[in-house]
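J.: Got a structure for you, questions after.
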Amino acid sequence: MLCKLAFRNVKRQIGNELIYFMTVAITVAFMFAIDQVLFNRTLYDYAVGRDLQGGMIGLIVLISAVVAFMLSYASAFMLRLRRREFGVYLTCGMTRADVLRLFLTENLLICIVALAVGMLFGLFLYQGLMGMVSMMLEAEFTAASYSVKGTWFTVVLVFLVFLVSCLLAARYLYRVTIHELVKGRQTRVKSVRFPFVWTVLTIGGAAGMAAAVIGMRSWVRAYLSGASTMLPLLERLFLLFGSLILFHFSLAHSLMALLLKRKRLRSRGTNTFLFRQLSASLHTNAAMMGMIACLLAIAVIGLDAVFMERLGAEARLAVFCPYDLHYIISYDQDDRSGRPGLEEAKEIVERYTAIEKTISYTFYADGGHALYDHTQFSGEGYAGIQDSYVAVSEFNALITPLGYDAVELSDSFLVVADVSAAAQFPDQGMTITLNGREYHMAGVRTDYPDFMFRYLYAVVPDEAVEGMAAQQYHEVYELKKNDFDAHALERDLSYAVEYGGRQSDSSDFIIKEYERREENARVAFLSVSAMFAAGVLLCMGMALLALKTLTGLAEDKERYRVLSLIGVGMRDLRRVLFRQTFFFFIFPLILPLVCGIPAAALCQEILRINHMELFVHAAGVTAFAVSGVILLLYLLYYSAAYLIAKRVVVWEQ
């Protein structure tokens, strides 16, 4: 009997439960797709080899816990929408246990249908994710196979999420009285007390957000110069999100109260009714608005950061590996047993692709540390660090093929440093003495690629390095083709070394194609994980807004009826309903979308500081695309919420 009644109720309530069902189906689709990616055979081997699988499983479980908690709120909203129906069941003789079993049976039916629909949609979403991963890995895309293990993992996880969410939501049926179910709690529109105080707190929240953004910009420069750690960034992020919650909480209390004081504004049409409705809904949901705004901001900033990481990976590769192949050997490494010789290594490379050009250069040391004395790497504990020098002719041979102008030096030297070390060179008039001759500093450059992988070195005239001891020998190569098996070449050029009682692989070569593919794979996993987390959290946030909108409108239905009885036409009723639902729905969304602007600006600042101007424009386009996708998702949920609200509230006279 209960099953028959539950099936009938689900069929009858399909309109009201559309948003709930849509959210569950989309969430299931995301979970199915990410589980299939996780258990894909090729990616599984890669993830296990790099300790990524455990992190992804932890992320899935964490997001599932958040989904269960948020679905319990969504289920509670659905219960309140049907409170009169459950009250009738209790007055007709059903026990609370019977009502609870009915509720759980209905949710089980929704779970089964949503699981089927979500997994069907997830089949295509999974192929889309694999296409994105294949594009990032620059591999040929073919239809990916589905994993039975990933499917069962999704089914078990979805049923656990539903069980937890239903049990949390069912507490409402145990606590609510029959009178509250039948009559409902009539919410009185209360005037906001102390609107001036709330206005001051709103301004304080806005000031906190501005301070956090300004602080993050100053932190970027300090961090890149080596004068800061990651802790200040976390402090500024906490300030940003805390201020965001405070701003929405306070604005929800103060905005409508201030608008109601504007006589000319409230006297226009149905503005007084609209402002009072919004004042009541925002006042009672202020905390939820702040939390949803924080949730959406985290999703927006997280998506921006992940896609900016993709641009940053490309930019870092251009700095880290300017040439196709880079050979490095330090002369202080005495133990070279097991290592392939340079000529033998070249023969190995030639098996994969031809070497078209070779450039060799050497770094020298005179045993001094005049350059490092200007950095934090000086004094006690750094006595073993020696300055490094390279001849200007060899340096020019390196940089001119990359499009840089040749360096001209006579009685001067040029310091090449990373951003952190360059910031510690205040003395532009310093001099050094090499081979009995004095040279003055011609400047500091930070825009060259990494040729030595140390904090700094000096480019000096050729005669300045005569008689110095060789410190490192380098060769860089331009290869004919880059479509070879870079991982196989890396294995062939590697050798075993013992460090700390354990053996590991090492190599004297940096293979650009190998580094690029490894970086692409890391970013691909990061992007898929971020899209999963952001997609689920965004859907949950939008669903809570939509369901809360419908719950509030069900309570306000009589007020709209009274509004029609005093002469307000159908067109005006639809208009005020649209304004009320639209403002309530978009209220926590505006600032999170705006947060994408400073996030993109900070990423562009980092790219400029590191002389990666080619990627600055792409960072702005990426942030714009992320905001566009979120707006499309918003329109989907708002359209569904408004159409249902119009059917419930607005009726033909």
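J.: Which FRET efficiency, nearest 0.05, do A222 and L317 yield, Cβ-Cβ r, R0 30 Å?
T.: On the way: r = 25 Å, r/R0 = 0.84.
The pair A222/L317 has a calculated efficiency of 0.75.
J.: With the Cα gyration tensor of the range 322-515 in hand, give its eigenvalues times 5 under a square root as the equivalent ellipsoid semi-axes, listed largest first in whole angstrom. Please report the intermediate quantities before stating the final value.
T.: Values: eigenvalues 201, 84, 45 Å².
In descending order, the three semi-axes are 32, 21, 15 Å.
J.: Provide the gained length on full extension for the span Q376 to R559, in nm with one decimal, where the gain is 0.36 nm per separating residue minus the Cα-Cα distance.
T.: Details: separation 183, 0.36 × 183 = 65.88 nm, distance 7.02 nm.
This chain segment gains 58.9 nm when fully extended.
J.: By count of other Cβ within 10 Å, fewest leading, how are C3, C321 ordered? All intermediate terms of the calculation are to be shown ahead of the outcome.
T.: On the way: C3 13, C321 21.
Going from sparsest to densest Cβ surroundings: C3, C321.
J.: Once both labels are modelled 7 Å past Cα along the beta-carbon direction, what's the Y495-S145 spacing in nm?
T.: 4.0 nm
J.: Taking the Cβ-Cβ separation of A406 and Y473 as r and a Förster radius of 30 Å, what is the calculated FRET efficiency to the nearest 0.05? Intermediate results must be reported in sequence, preceding the final value.
T.: On the way: r = 22 Å, r/R0 = 0.75.
So the FRET efficiency works out to roughly 0.85.
J.: A further question on this structure: In the range 447-478, which chymotrypsin sites (Phe, Trp or Tyr not before Pro) fall in coil by DSSP and have 16 or fewer other Cβ atoms within 10 Å? Can you show the working numbers first?
T.: Numbers: sites: F451, F453, Y455, Y457, Y473, Y477; in loops: F451, F453, Y455.
The qualifying sites are F453.
J.: For the ranges 123-130, 486-493, what's the packing order if you count other beta-carbon atoms within 10 Å of each residue, average per peptide, and put the highest first?
T.: Details: 123-130: 18.1, 486-493: 16.6.
The most tightly packed comes first, giving 123-130, 486-493.
J.: Next up: Each residue of the range 519-529 in turn: what ³J(HN,Hα) in whole Hz from Karplus with 6.51, -1.76, 1.60 and θ = phi - 60°, glycine and Pro shown as x?
T.: Once θ is set to phi - 60°, the couplings for the range 519-529 become 5, 4, 5, 4, 5, 4, 4, 5, 5, 4, 5 Hz.
J.: I've got another one for you. Pairs to check: K548/K646; K481/K512; K357/K512; K263/K557; K263/K646; K4/K548. Give those whose C-alpha atoms are more than 18 Å from each other in this structure. Could you put the intermediate results ahead of the total?
T.: On the way: K548/K646 15 Å; K481/K512 12 Å; K357/K512 15 Å; K263/K557 26 Å; K263/K646 29 Å; K4/K548 29 Å.
Pairs exceeding the cut-off: K263/K557; K263/K646; K4/K548.
J.: Follow-up question, since we're still on this one. Can you give the FRET efficiency for I597 and K346, using 1/(1 + (r/R0)^6), R0 = 60 Å, r = Cβ-Cβ distance, to the nearest 0.05? Could you put the intermediate results ahead of the total?
T.: Numbers: r = 50 Å, r/R0 = 0.84.
Calculated transfer efficiency: 0.75.
J.: Quick one: what are the phi-derived ³J(HN,Hα) couplings along the range 351-366, Karplus 6.51/-1.76/1.60 with θ = phi - 60°, whole Hz, x for glycine and proline?
T.: Per-residue couplings from phi come out as 5, 9, 7, 7, 8, 8, 8, 10, 10, 10, 7, 10, 9, 10, 9, 9 Hz.
J.: How much length, in nm to one decimal, is gained on full extension between R647 and A397, taken as 0.36 nm per residue of separation minus their Cα-Cα distance?
T.: Full extension from R647 to A397 adds 82.5 nm.
J.: Add +1 for every Lys or Arg and -1 for every Asp or Glu among the other residues with Cβ under 13 Å from the Cβ of T358, and state the total. Walk me through the numbers before you get to the answer.
T.: Values: positive: K346, K357, K480; negative: D324, E343, E350, E356, E394, E475, E478.
Residues close to T358 contribute a combined charge of -4.
J.: Roughly what would the spin-label model give for N435 and V621, points 7 Å off Cα along C-beta, in nm?
T.: 4.9 nm
J.: Moving to a separate point now. Near the amide H of I329, under 5 Å away, which other amide H atoms are found, from residues 5 or more places off or on another chain, if H is placed in the peptide plane?
T.: The list, which skips near neighbours in sequence, is Y473.
Every read-out reported here was derived from the displayed coordinates using simple, explicitly stated rules and does not represent laboratory data. Just so you know, these numbers come straight off a predicted model, no measurement behind them. A quick note on method: Cβ atoms are made from the backbone with ideal geometry, for glycine too, and the neighbour counts reach across all protein chains shown.
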